[in-house]
Amino acid sequence: MLQALDARHAAVPGILEDSEARSRGSISEPEWLLFEPLIEEIQRLKKERNALLIAHNYQTAEIFHGVADARGDSLALARHAANSSADVIVMCGVRFMAETAKLLCPDKTVLLPDLEAGCSLAASITPEDVRALRRQYPGAPVVGYVNTSAAVKAELDICCTSSNAVRVVESLGAERVIFVPDEYLARFVASRTNVEIIPWRGHCEVHERFTAAELEEYRAATGAYVLAHPECPEDVQLAADYVGSTSGMIEELTARHPKRALLLTECSMSDNVAVAHPDIEFVRPCNLCPHMKRITLANIRDCLRSLSPAIELEAGIAERARSAVRRMLEVR
Ligand code: 13P
Ligand code: SF4
């Protein structure tokens, strides 16, 4: 069955890689029969529209392996968007990622297959909150995680992601910095720099659910090497063997190659990484991001057909938000 399907689709870009995901168990055969016509239609529509489809590490296997042209963490996705010559960008991620792509590519059509794909961190802070922090800590620059709305980005000095947060904070040369909105990422940065960090109280609804007790139970039962995202609570970070962004975790796994690994982050990430690392056994506590999971093959197909919903940003906000994102991309 697998061979017959591979032979039929050998000429379709993306399908061979997808068959690799199938053969390693990320996509079952019955699932494949369901996904196959949608994957084919999306591949065809991408060509017709001159569209680039970029997918976050948390997307499901059929999107990540079946239709994505580029994949990565939120920083990598922003760079892919900025460097693309496509007319249309389809963001398989959440709204703040699509807004970031639109800021970097104002002349392109940026599609988000479901506009309700939000983020609890982005929802935790408003532009007025940032202005109040500036009044409370006069002179302190504001660094904002890219997990914020465009309206909040417009109030920032500079953006960061979890993979460049320490470098961004230190690039400012300030003694103290306001860091919004993720409290746990702020504490992670504070533990790695001498700059004083003033945190906000935002949390990720997915990562805040992990506990140190759960981590120790998994470790005792499996002996797994534990990698945690810096959006996890502090005690989880302290108990983990490695703390870093989604791309940082992939680099660490590639370099260290443990026999067993436990990724304390969104559930689909282990499935996606397992395809490239068949000899690592993944222990999978399954915390799903409900926002990431709003993106499906069906709504990707629909948005490519209708070129909607597209991201539109108010010009004044976009101009100020863009400079915070561009400033981040200049930090090496
Ligand atoms: P990364 O920057 O590591 O991709 O994380 C984004 C995110 O939303 C994690 O929950
Ligand atoms: Fe936001 Fe958390 Fe979902 Fe990432 S995993 S998009 S931080 S809610």
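The values are calculated or read from the model by the stated rules, or taken from the named source; none is laboratory data. Keep in mind it's a predicted model, so treat the numbers as computed, not measured. Note that we place each Cβ from the backbone using ideal geometry, even for glycine, and neighbour counts take in every protein chain shown. Calculation scope for accessible area: heavy atoms of the full protein, side chains included, ligands and nucleic acids excluded. Shrake-Rupley method; radii C 1.70, N 1.55, O 1.52, S 1.80 Å.
Worth pointing out:
- Probing with 1.4 Å while keeping every protein chain in the model, the per residue accessible area of the range 147-278 equals 37 Å².
- Amide H contacts of Val110 (H built 1.01 Å from N, in plane; Pro and chain starts excluded): Ile89, Ile311 sit under 5 Å, all sequence-distant by 5 or more or on other chains.
- Nonlocal amide H pairs with Arg71, under 5 Å, H built at 1.01 Å: Ala55
- Computed over the range 49-113, the quotient of the alpha carbon radius of gyration and 2.2 N^0.38 Å is 0.96.
- Helical segments meeting 18 Å axial Cα length and Kyte-Doolittle -0.5 threshold in the chain (DSSP H): 315-330
- For the range 35-74: Kirkwood Rh in Å [reciprocal of mean 1/r, alpha carbons]: 10.4 Å
- Shape analysis of the range 248-323 yields a ratio of the Cα radius of gyration to the Kirkwood radius, Rg/Rh, of 1.16.
- Restricting the calculation to Cα atoms, the range 134-269 shows an Rg/Rh of 1.01 when the hydrodynamic-style radius is the Kirkwood one.
- Our note on the geometry: Cα centres of the range 48-69 and the range 234-265, 24 Å apart.
- The label-point distance for Leu307 and Asp241, in a model that sets each label 7 Å from Cα toward Cβ, rounds to 5.0 nm.
- Cα-centre dipole for the chain with unit charges at Cβ (Lys and Arg positive, Asp and Glu negative), debye to 20: 720 debye
- A protection proxy built from the mean count of other Cβ atoms within 10 Å ranks the segments 161-172, 100-111, most packed first, as 100-111, 161-172.
- On a per residue basis, the convex hull of the C-alpha atoms belonging to the range 196-254 measures out at 98 Å³.
- With every protein chain in place, the range 31-77: carbon and sulfur % of accessible area (1.4 Å): 54 percent
- Per the Cα gyration tensor, the range 62-155 maps to an equivalent ellipsoid with semi-axes of 28, 14, 11 Å, ordered largest to smallest.
- Cleavage-rule hits (GluC sites (Glu not before Pro)) in the range 252-332: DSSP loop, at most 16 neighbouring Cβ within 10 angstrom: Glu312, Glu314
- Spatially near lysine pairs across the chain, Cα under 22 Å, sequence gap of 8 or more or different chains: 8
- A dipole drawn for the chain from +1 and -1 charges on Cβ atoms has a positive end, and of Pro233, Ala150, Ile250 the residue lying farthest that way is Ala150.
- Of all the options Val152, Val283, Val142, the one that moves most in a Gaussian network model of the chain with Cα springs shorter than 10 angstrom is Val283.
- Theoretical ellipticity at 222 nm over the chain - DSSP helices of four or more residues, -39500 (n - 2.57) apiece, nearest 500: -13500 deg cm²/dmol
- Whole-number D in µm² s⁻¹ for the chain, Kirkwood Cα-pair radius fed into Stokes-Einstein, 10 °C, 1.306 mPa s: 78 µm²/s
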